[in-house]
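Down below is the structure, laid out as structure tokens.
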Amino acid sequence: MSKKIDVKVSIIFKRIMSAAATTLVNVGGARSGKSYATAQFLIMKALNEKGLNIGITRKTMPALKMTNYRLITDLLGKYGLYKPSCHNRSEHYYILNGSRLQFFSLDDPEKIKSSEFNYIWMEEATEFAYNDYLVLLTRLSAPAAKGGNRIYLTLNPTDANCWIAKNLLGRKDVEVIHSSYKDNPFLSNEYVNTLLSLKDYDTNAYNVFALGQWGSSDKIIYKNWQYAQEEPQNPQDVIWGLDFGFNNPSALVRICIKDNIFTAAEYLYQTGLTTQDLTEKLVQIISPQERTQTIYADAAEPDRIAQIARAGFNIKPADKAVSNGIMAVKAAKLFITKTSVNLIKEIQNYCWKTDLNGNVLEDPVKFNDHALDALRYALYTRGIESASCGDAEVSFI
Ligand SMILES: Nc1ncnc2c1ncn2[C@@H]1O[C@H](COP(=O)(O)OP(=O)(O)O)[C@@H](O)[C@H]1O
Ligand SMILES: [Mg+2]
């Protein structure tokens, strides 16, 4: 006999259920429950109707795998529905009750031009371009599902000038759900307090991430970066940046330098690591031949630096000057590998503080900046070192 499972849903789920427009923009603060509700909703749809084609997408495959792809397979597991035989891992689809959940990235919109869907979910929709949305809209061409085919966008309202705000809001065929942490009864008090504490740091970040209101991208600090497919072959130099955390994640970033281009890749982003755990991770990540490469680490924790140095790593305290460090990162020709999901999420949202009148201040908001701190430590400290000591051998005779 099959086990009966009652699934708890939030108000967002109910609003998704009652939405009637072709496009549903689900916009809200951090962790308001947008992704979870959308994942639950699509699972429910597949369970209620056979033969559906459901497309689940995010701009890049590594990010998709770490977020909505994983969320859906985890929920299927939690609900006792997951069967490995229904999961085609190489083609990235799952057959649920005769419906197909197809996971795809839109690195190349051409790839999707022959597929037909009933429902499409664009996760972190601000990462896509307007044209991606238009292409996906043409793909809602499968024979209509009960109630009609639909496209669902989930996003944080970081930029009031993004294509979603400018081109979709206010249209008749677009419905909007606004949400904030208040709509998610499943959050811990600790996380809610973290969000509320943003108010003391920065009004824009508080409005966007806590209240789910549209913010401004004038405040985004780093716009000087592009995606890299992978790290370059034969770099001229390799350095590492390390930010220590415990409740916050410890973050390790590797930077390959070649022809004045800095390619950053995230190697570790994990909470709950003691110094001992972190050292063990470094042993796994950094091969014995690479251990002469410098790791620039958070200078506020000399004990942790000393302990890691004793394990055979070339680790040094970084120069933590924030403004100068940010300027150094802004001046770099910076690429970030597609697999660096947390680093990319941080850099897309890292903002200057604003004062009560909305003026932008020269001070960053200390929120989701762990991998970015690691990047800054390495880039800036190495920059100072190479400026202060050249290679020339000078003798006064
Ligand atoms: N219906 C639910 N049941 C259990 N937990 C939930 C539910 N909805 C949200 N959550 C919890 O809230 C967290 C944040 O939700 P999520 O959908 O990831 O937020 P958002 O996408 O808005 O940032 C989830 O990781 C999960 O722990
Ligand atoms: Mg989400």
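What follows draws every value from the coordinates through simple rules; no lab data is involved. Being a predicted model, the structure only gives us computed values, none of them experimental. Don't worry about glycine lacking a Cβ; one is built from the backbone with ideal geometry, like all the others, and counts go over all protein chains shown.
Placing dummy labels 7 Å off each Cα toward the beta-carbon, the span from Gln229 to Lys8 is 4.6 nm. Computed on the stretch 11-191, with alpha-carbon pairs under 8 angstrom and 6+ residues apart, the relative contact order is 37 percent. Quick one: Cα centre-to-centre distance for the stretch 75-136 and the stretch 34-48, in angstrom? Cα centroid of the stretch 75-136 versus Cα centroid of the stretch 34-48: 13 Å apart. The label point for Ser90 and the one for Asp173, both projected 7 Å from the Cα toward the Cβ, are 3.8 nm apart.
In this calculation the C-beta distance from Asn248 to Lys50 is compared with R0 = 56 Å, giving a FRET efficiency of 0.80.
Restricting the count to DSSP beta bridges whose residues both fall in the stretch 11-191, what percent are antiparallel, rounded to a multiple of 5? If I count the DSSP bridges inside the stretch 11-191, around 20 percent turn out antiparallel. Using C-alpha pairs below 8 Å separated by at least 6 residues, the relative contact order for the stretch 225-396 is 28 percent.
Rounded if a/c is under 1.5, else prolate if a/b beats b/c, else oblate: with a ≥ b ≥ c from the C-alpha gyration tensor eigenvalues square-rooted, which is the stretch 306-346? Cα axes put the stretch 306-346 in the oblate bin. If a/c stays under 1.5 just call it rounded; otherwise compare a/b with b/c (prolate if a/b is bigger, oblate if not). Do that for the stretch 225-396, with a ≥ b ≥ c from the square roots of the Cα gyration tensor eigenvalues. It is rounded, given that a/c, with a ≥ b ≥ c, falls under 1.5. With a simple spin-label model that places each label point 7 Å from the Cα along the Cα-to-Cβ direction, the separation between Asn189 and Ile220 comes to 3.7 nm. Need one word for the chain: rounded, prolate or oblate. Basis is the Cα gyration tensor (sqrt eigenvalues a ≥ b ≥ c); a/c below 1.5 gives rounded, then a/b vs b/c decides. Because a/c hits 1.5 or more and a/b exceeds b/c, the chain counts as prolate.
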